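Asker: So that we are looking at the same thing, I have put the structure below in structure tokens.
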Amino acid sequence: MDYGVVSVSVVVFYPDQQLLTRTFNSLAAAGADLARVKPGISIRLYLVDNGGMPQVGDTLAALGRAGIDSTVISGHGNVGYGRGHNLAIEQVSSRYHLVLNPDVDIETGALVEAIEFMDAHPQAGLLTPAIIDDTGKLQYLCRQFPALTDLFVRGFLPRAARRPFEARLARYEMRAQINESDTIWDPPIVSGCFMLFRTDVLKMLAGFDVRYFLYFEDYDLSLRTHDVARVVYAPAVRVLHHGGGASRKGLAHIRMFLASAFKFYNRFGWKWL
């Protein structure tokens, strides 16, 4: 392992160019802050093109000037989210590896906070941050093991129709535990939009399970991580996430969501209520 490197993988498929540029600009700023505080650490970006990647030459050049080397992995077609990240994970030899979505802005001090936390807590194999939405509100993306009812209500019912289920959704989303100040150890499931791993833990797990094309790959990887290391929610690490749900993306995404849910429950056990 190269203990002086933090590797980052970003998988894109016809991304929003403006959001992607914002993500890379935030990575450059966070990387510059990390280099200032910990001058022995550098960042290497692996950009995985699953299709439709816009012109990013100028952006990657700007990252280079900020001290962030980059590798573009392309030509493999749309192999899915998890398999795309695995193409990068197979190549890395870093101490830490960050799985990052192309619609996430990293706060400037977030990488410093994350690396310092991981260095101080060797039992932590996976760190998830406080994830803020476009309005500045905390997103509750740490989860308990989902019942099918939870997924249906949260993903497909209109907001007004969710009122009878508010208590159970609050339990599923860990709203009583997750806040912007308290570190929480071992949330069962964390979001795939920002997952900072010890690379040796991620390698031990062989990355994402490639049976999931899209959706539930982060649920699966979170649960498997508990078998080999601890998972931690560290709210001193903050990011902004611009993501959206499957039900708002059309029928094709709903089909992929349901197919992945079937694989997930077949592996980890069915929970109806």
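What follows draws every value from the coordinates through simple rules; no lab data is involved. Since the model is a prediction, treat every value here as computed from it, not as a measurement. Because the Cβ atoms are built from the backbone with ideal geometry, glycine has one as well, and the counts that use them run over all protein chains shown.
Asker: What shape does the range 98-205 take by its C-alpha gyration tensor, where a ≥ b ≥ c are the square roots of the eigenvalues and a/c under 1.5 counts as rounded, a/b above b/c as prolate, and the rest as oblate?
Answerer: prolate
Asker: Among ALA234, ALA114, ALA206, which one shows the highest mean-square fluctuation when the chain is modelled as a Gaussian network with alpha-carbon springs under 10 Å?
Answerer: ALA206
Asker: Antiparallel as a % of all DSSP beta bridges within the chain, to the nearest 5? Before the final figure, lay out the partial values.
Answerer: On the way: 15 of 42 bridges.
Here the antiparallel bridges make up roughly 35 percent for the chain.
Asker: Arranged by the count of other C-beta atoms within 10 angstrom, fewest first, what order do SER181, SER26 take?
Answerer: Final ranking by Cβ density, sparse to dense: SER181, SER26.
Asker: Separate question: When a/c reaches 1.5 or more, the comparison of a/b and b/c decides; with that in mind, is the range 1-94 rounded, prolate or oblate per its Cα gyration tensor?
Answerer: Oblate is the answer for the range 1-94, as a/c is 1.5 or above yet b/c matches or exceeds a/b.
Asker: Follow-up question, since we're still on this one. Of MET256, MET118, how do they rank once you tally other Cβ atoms within 10 Å and put the fewest first? Working shown, then result.
Answerer: Details: MET256 19, MET118 23.
In increasing order of surrounding Cβ atoms, one gets MET256, MET118.
Asker: Let me ask another. Go ahead and set up a Gaussian network model of the chain, Cα springs under 10 Å, then flag whichever of GLY109, GLY80, GLY243 fluctuates most.
Answerer: So, out of GLY109, GLY80, GLY243, the one fluctuating most is GLY243.
Asker: Still on this model: Just the number: Rg to Rh for the chain, Cα atoms, Kirkwood Rh, two decimals.
Answerer: Value, to two decimals: 0.94.
Asker: Just how large is the dipole of the range 115-273 about the Cα centre, in debye to the nearest 20, putting +1 at every Lys and Arg Cβ and -1 at every Asp and Glu Cβ?
Answerer: Working: 21 positive and 16 negative charges, 158 e Å.
Here the range 115-273 has a charge dipole of around 760 debye.
Asker: Starting from the amide H of TYR46, placed 1.01 Å from N in the peptide plane, find each other amide H under 5 Å away whose residue is 5 or more places distant or on another chain.
Answerer: For TYR46, the qualifying residues are VAL8, SER9, VAL10, THR71.
Asker: Any aspartates and glutamates with Cα under 14 Å of the LYS38 Cα? List them, leaving off those in the same chain fewer than 8 positions away.
Answerer: GLU113, GLU116, ASP119
Asker: Continuing with this model, one more query. Please build a GNM for the chain, connecting alpha carbons under 10 Å apart, and tell me which residue among HIS85, HIS226, HIS253 fluctuates the most.
Answerer: Maximum fluctuation in the GNM of the chain, among the listed residues, is at HIS253.
Asker: What do you get for GluC sites (Glu not before Pro) in the range 30-132 restricted to DSSP loop and a cutoff of at most 15 other Cβ within 10 Å of the site's Cβ?
Answerer: Values: sites: GLU90, GLU107, GLU113, GLU116; in loops: GLU90, GLU107.
Answer in residue order: GLU90.
Asker: Could you put TRP272, TRP185 in order, starting from the residue whose Cβ has the fewest other Cβ atoms within 10 Å?
Answerer: Values: TRP272 7, TRP185 12.
Ascending Cβ contact count within 10 Å gives the list TRP272, TRP185.
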